[in-house]
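S.K.: This is the structure I want to talk about, given as structure tokens.
Each reported figure results from applying straightforward, stated rules to the coordinates on display, with no laboratory input. None of these values were measured; they are calculated from a predicted model. For neighbour counting, all protein chains shown are included, and Cβ atoms are generated from backbone atoms with ideal geometry for every residue, glycine included.
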Amino acid sequence: MTASHSPKPTVTIRRAQGTADVAQCLKLRAIVFGDEQGIPLAYRHDDIDQTCHHLLAYATLPADSTTDIAPESKPALAPKDVPAGTLRFHELQPGLGNIAWVTVLPQFRSLGIGRLLMQAAHQVIANELMWSKVLLYAQCDKTGFYTRLGYTIPAENTVYLKEGNPHINMELTLADARISG
Ligand SMILES: CC(C)(COP(=O)(O)OP(=O)(O)OC[C@H]1O[C@@H](n2cnc3c(N)ncnc32)[C@H](O)[C@@H]1OP(=O)(O)O)[C@@H](O)C(=O)NCCC(=O)NCCS
């Protein structure tokens with residue numbers, strides 16, 4: 001059976017709750033940062049993962065989106081939710097958050113899921129945690145993604161290597177812009 005079309009999925013973002021959800025986040029991170037980017041496990045997991053805030057994005061796929069079976073012979077299947085992306089955030093110092101490991105599976109990219117994840121994180125950070133600023137360590141070829149969300153590169157910052165990948169710090173001030181839900 002072949003995919004006849006690829007309709008845009010509905011996306012739901014939710015907070016990771018408990019160890020099973022965190023394990024799901026780490027699994028997505030492993031696919032993208034491990035398998036795709038080759039970043040070693042020891043670098044991808046650290047001891048703050050168990051205390052960080054994590055978000056999970058689920059894509060709701062129509063049950064018939066991957067089949068070309070004749071309509072009359074299709075079983076009545078429910079739409080299914082599949083994990084599509086994740087990120088984590090924690091407080092670096094009072095009022096200063098860090099968002100990291102922003103992950104969207106390759107098959108779900110360019111659908112706005114990364115933006116939705118970031119906006120959901122900003123809502124929690126600004127409205128619930130009341131942190132005023134976010135600092136993140138951007139891969140240099142991803143700065144456009146963050147720029148579109150309002151991030152800027154502080155003037156004094158320069159490119160540095162993390163695990164051999166060029167990175168640069170970017171920041172966003174949330175204090176004067178409470179985010180609506
Ligand atoms: C970076 C990543 C999270 C983006 O997720 P995504 O769901 O594909 O992004 P979106 O569809 O939400 O894109 C939002 C906007 O950012 C832009 N964008 C996405 N990736 C971009 C990139 N690498 N460079 C510049 N712009 C980018 C999109 O074109 C879109 O622009 P628009 O608002 O003008 O339409 C995803 O590509 C990914 O998981 N990459 C691998 C992991 C990674 O490197 N994470 C970041 C580490 S710093």
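S.K.: Dipole size in debye (nearest 20) for segment 10-173 around its Cα centre, Lys and Arg Cβ +1, Asp and Glu Cβ -1?
M.R.: Numbers: 14 positive and 16 negative charges, 41 e Å.
The dipole magnitude comes to about 200 debye.
S.K.: Given the Cα-Cα distance of Cys140 and Tyr43 and 0.36 nm per residue of separation, how much length would full extension add, in nm?
M.R.: Numbers: separation 97, 0.36 × 97 = 34.92 nm, distance 1.84 nm.
Result: 33.1 nm gained on full extension.
S.K.: Given C-alpha coordinates of segment 10-173, what is the ratio Rg to Rh with the Kirkwood estimate of Rh? Don't jump to the answer; show the numbers that get you there.
M.R.: On the way: Rg = 17.5 Å, Rh = 17.1 Å.
Looking at segment 10-173, the ratio lands at 1.02.
S.K.: Give the lysines whose C-alpha is closer than 22 Å to that of Lys80, dropping any in the same chain fewer than 8 places away, or say none.
M.R.: Leaving aside lysines fewer than 8 places away in the same chain, those within reach of Lys80 are Lys8, Lys27.
S.K.: Enumerate by residue number the GluC sites (Glu not before Pro) in segment 78-181 meeting two conditions: DSSP loop (anything except H, G, I, E, B), and at most 10 other Cβ atoms within 10 Å of the site's Cβ. Working shown, then result.
M.R.: Details: sites: Glu91, Glu128, Glu156, Glu163, Glu171; in loops: Glu156, Glu163.
Of the GluC sites (Glu not before Pro), the ones in loops of segment 78-181 whose Cβ has at most 10 other Cβ atoms within 10 Å are Glu156.
S.K.: Starting from the 7 Å offset along Cα-to-Cβ, what nm value, one decimal, do you get for the label separation of Ala30 and Leu92?
M.R.: So the label points at Ala30 and Leu92 sit 2.9 nm apart.
S.K.: Based on alpha-carbon centroids, what's the gap between segment 102-125 and segment 15-51 in Å, whole number please?
M.R.: 16 Å
S.K.: Now for a different question. Quick one: if the Förster radius is 30 Å, what FRET efficiency do Thr147 and Thr10 give, using the C-beta to C-beta distance and rounding to 0.05? Could you put the intermediate results ahead of the total?
M.R.: Values: r = 27 Å, r/R0 = 0.90.
Working from the Cβ atoms, E equals 0.65.
S.K.: Positive end of the charge dipole of segment 16-156 (Lys, Arg +1 and Asp, Glu -1 on Cβ, about the Cα centre): tell me which of Thr143, Tyr58, Ala84 has its Cα farthest that way.
M.R.: Sorting the options by dipole projection puts first Thr143.
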